[in-house]
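Worksheet: one structure, shown below.
The numbers here are math on the coordinates, done by the rules we state, and not lab data. Remember, predicted model here, so these are calculated numbers, not experimental data. We place every Cβ from the backbone using ideal geometry, glycine too, and count neighbours over all the protein chains shown.
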Amino acid sequence: MTNDPVLDAAKSALRLEARRRRKALQVEHPEADWMIADHLGDLLAALGTGPGVAALYKSLGAEIDPRPLGDALTRAGWRLSLPAVIDLEGPLEFRAWAPRHRLSHDLAGLPAPLDSAPPVTPSLIFAPLLAFDGEGHRLGQGGGYYDRTIAGLRARGGGPAMIGLAFSGQRIDAVPHGPLDERLDGILTETGYIGVRKDF
């Protein structure tokens, strides 16, 4: 939540509709997870970066499942990580992860690597979303975790690219946003990669 009740109300109303739309898209396009992985090469070519650490997420509900993308990243030489909430008001911590590793629940009750998993700094972050627009504005669930995380990383200089994973049908004309909302650098959908930042 922000200090702007008008913005918060607009986001809340949009979330209700966006959740319904995303659930319908999941039913209409069960192949989307795999098709997104097929477009990984376009994303990596646009980024112009070699293998590093990629941060995925454990999908919930109708979120795009990044597991096929993770398989493709691993084949391309990337190491994987997952986020963990360690402070309800702070940024995410990313921990090394592989598909065979056990998960536990983090402070927010979400599946995350065990506390013993080593922390890592990703060079590429994939984020779920409810809606996005052509300017890279992202509507999330409202916790602000990704916004706080990417803001902190960008403040250090540069920072990793943050790429939204979405059905192409989740694109809308304009996502309500405020000064604390961080823009995506690009969006990967089942129809291809949409670059937002012009330098990659």
> How much FRET efficiency would the formula 1/(1 + (r/R0)^6) give for Leu88 and Glu31, where r is the Cβ-Cβ distance and R0 is 22 Å, rounded to 0.05?
Replying inline: 0.05
> So how far apart, in nm, are the two label points at Thr49 and Arg171 if each is 7 Å from Cα heading toward Cβ?
Replying inline: 2.3 nm
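By the scheme Lys and Arg +1, Asp and Glu -1, what is the net charge of all other residues having a beta-carbon under 9 Å from that of Gln170?
On the way: positive: Arg21, Arg22, Arg171; negative: none.
So the environment of Gln170 carries a net charge of +3.
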> To the nearest 500 deg cm²/dmol, what mean residue ellipticity at 222 nm is calculated for the chain from DSSP H runs of n ≥ 4 alone, each contributing -39,500 (n - 2.57), summed and divided by the residues?
Replying inline: -9000 deg cm²/dmol
>> When a/c reaches 1.5 or more, the comparison of a/b and b/c decides; with that in mind, is segment 1-153 rounded, prolate or oblate per its Cα gyration tensor?
In response: oblate
> Val6 versus Thr121, label points 7 Å from Cα toward the beta carbon: distance in nm?
Replying inline: 4.0 nm
>> Going by average Cβ density within 10 Å per residue, which order do the peptides 100-111, 32-43, 158-169, 12-23 take, highest to lowest?
In response: 158-169, 32-43, 12-23, 100-111
> Going by the alpha-carbon gyration tensor, a ≥ b ≥ c the square roots of its eigenvalues, is segment 1-71 rounded (a/c under 1.5) or, if a/c is not under 1.5, prolate (a/b greater than b/c) versus oblate?
Replying inline: oblate
> Roughly speaking, what is the centre-to-centre gap between segment 1-21 and segment 120-172 when only Cα atoms are used, to the nearest Å?
Replying inline: 17 Å
>> Can you give the FRET efficiency to the nearest 0.05 for His101 and Gln141, using r as the Cβ-Cβ distance and R₀ = 25 Å?
In response: 0.55
